1. Which condition number does ALA201 fail, the rest of (1) more than 16 Å from the ligand (Cβ to nearest atom); (2) in contact with a strand residue (DSSP E or B) (Cβ under 9 Å, 6 or more places away or on another chain); (3) under 19 Å from GLY143 (Cβ atoms) being met?
2. Of the residues that make up the stretch 285-304, is at least one surrounded by 15 or more Cβ atoms within 10 Å (Cβ to Cβ), within 16 Å of the ligand (Cβ to nearest atom) and over 17 Å from the mean Cα position of the chain (by Cα)?
3. Can you say whether VAL275 is under 17 Å from the mean Cα position of the chain (by Cα) and under 24 Å from TYR357 (Cβ atoms), as far as the supplied structure shows?
4. Before we move on, is VAL104 touching a strand residue (DSSP E or B) at 6+ places or on another chain (Cβ under 6 Å), over 25 Å from VAL260 (Cα atoms), away from the ligand (no atom under 16 Å from the Cβ) and aliphatic (A, V, I, L, M)?
5. What single numbered condition from (1) over 30 Å from ALA435 (Cα atoms); (2) among the small types (Gly, Ala, Ser); (3) touching a residue at least 12 places away in the same chain (Cβ under 8 Å) fails to hold for SER87?
6. Of all residues in the stretch 332-372, which are within 16 Å of the ligand (Cβ to nearest atom), surrounded by fewer than 24 Cβ atoms within 10 Å (Cβ to Cβ) and either modelled with pLDDT under 95 or on the phi > 0 side of the Ramachandran plot (or both)?
7. Mind counting the residues in the stretch 59-101 that are within 22 Å of GLY134 (Cα to Cα) and away from the ligand (no atom under 13 Å from the Cβ)?
8. Being part of a helix (DSSP H, G or I) and either within 23 Å of THR290 (Cβ to Cβ) or in contact with a helix residue (DSSP H, G or I) (Cβ under 7 Å, 6 or more places away or on another chain) (or both) is the filter here; which residues of the stretch 235-254 pass it?
Amino acid sequence: MLWTSWVGALLLLTAVGWRSALGQAVPITLEGGTLLNPESPPIPNATIVIQDGRILCAGAADTCRRPARSKSVDVRGAYVGPGLIDSHVHYGQTGWVDGRPDAVDVRAQYPYDSVVSVLASHPETFHRAYLCSGVTSVFDVGGFPWSIGIARETRNSSSAPRMLAAGPLLATIRVLPQMAGQFVFMNDDSTVRAAVRAHRALGADALKVWYIEVPDSLRPHMKAMLMAAADEARKVGLRLIVHATELRAAKDALQAGAVVLVHDVFAGTIDSEFVVAAKRNGTIVIPTLTVLEGYADVFLGGSPASRYPFDCVDRATRAKLETILPDTLRARGKAFWGGPEAARLRETGADNLRRLYSAGIPIAMGTDAGNPGTAHGPSVYREMEAMQEAGMPARAVFAAATIVAARALALDREVGSVAAGKRADLVVFGADPTADIRNARQVRFVVRNGVLYSRDDLLPK
Ligand SMILES: [Zn+2]
């Protein structure tokens, strides 16, 4: 019976073409569903009114009334929540190895410059995959300077998720020359400070330091560079976000004042010193558990399709994800990803997530999409499920994927919950994701900036 109301709404949508002129002028009312806000109790039989890209009101039917002239969508039996937010993505990477020649070199078949030029000129492929998966905001935490331009264009878009971008990463190691456009090597103090000011001038939304471990002899220098980057970022008003996956490095990042750690700690067990420092900063941690599974799939010849659905993924990306690399290319990583060391990283990541959660450290959902095996869009489902499997209750995972992620993007006044005045970025689920996060896969409708799409509208053609 539920299905019939959805079908009815779908037909109505097609009939009136809400995505065009009518959508802006006439309010849309979602009626009869259960309203899910991440930090308050669910409200059954709720009404949500949206107009001109904003939420006019949301709540019980007697507190939020349907305007006389509005288009009504019957969502009885369904669950309406804020749009999901992936707080760790890379539009400069494809989701497969052709975007990471430093991991697997397929440049003979997929010339890297051509791969990047397609990424730069066709962000709409990933925009659609995100919306199709119920994701209405993303944080690109490192990439080419053009990612900042793409992010700016999404600000008031109804056909792309709202995107923030950090631009090129300040790095402790040198990368392949072809990938250099995404990195600034932290050679000395003046290079670092000039890079931070350049980020500010370009319009970056944050400053990301790629704090990869270096030999002990170079550590003091790189720690000084991290501190210089942090100091300059403070001066120009950029938020510091850091990649630091070893405990010692993550503590350096906290000492530098990082407000977001873009990964969990995968090596070393989180201790009270870490927790105290993270609490002092109010640092938000993004676990990115599934990116490890993605690399394992690539090197062990597994398919990500067994971990998350592919139907929101465009055909070209899907074909790549379904390709099993020849043994010669997999040889390098096979022993590692199939061995005890990779298993230990996964176990430590899950164990640290449990520790962070029980210590009350805010956790935001992020996938590291774009990395090999981690597709833009539907990989959010597997990430949320991995967080639940690690011991976070479904409600906490839902909060991590909405309001806490909004805080990680410093966009929580704009998105992350369903409240009057906020941007109308919503998802209608067919089952309750706060009862079991696996229900988040059941996306029925997505509203981005006030425009309502059925999921079918968003599937790749
Ligand atoms: Zn990343």
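The values are calculated or read from the model by the stated rules, or taken from the named source; none is laboratory data. What you are looking at is a predicted structure, and each value in this text was computed from that prediction instead of being measured. Cβ placement follows ideal geometry from the backbone for every residue including glycine, while neighbour counts extend to all protein chains displayed.
1. Unmet condition: (2).
2. So far as the stretch 285-304 goes, yes, one or more of its residues are surrounded by 15 or more Cβ atoms within 10 Å (Cβ to Cβ), within 16 Å of the ligand (Cβ to nearest atom) and over 17 Å from the mean Cα position of the chain (by Cα).
3. On the way: under 17 Å from the mean Cα position of the chain (by Cα): no; under 24 Å from TYR357 (Cβ atoms): yes.
No.
4. Numbers: touching a strand residue (DSSP E or B) at 6+ places or on another chain (Cβ under 6 Å): no; over 25 Å from VAL260 (Cα atoms): yes; away from the ligand (no atom under 16 Å from the Cβ): yes; aliphatic (A, V, I, L, M): yes.
Against the criterion (touching a strand residue (DSSP E or B) at 6+ places or on another chain (Cβ under 6 Å), over 25 Å from VAL260 (Cα atoms), away from the ligand (no atom under 16 Å from the Cβ) and aliphatic (A, V, I, L, M)), VAL104 does not qualify.
5. (1)
6. Across the stretch 332-372, there are no qualifying residues.
7. Residues in the stretch 59-101 being within 22 Å of GLY134 (Cα to Cα) and away from the ligand (no atom under 13 Å from the Cβ): 18 in total.
8. VAL236, LEU247, ALA249, ALA250, LYS251, ASP252, ALA253, LEU254
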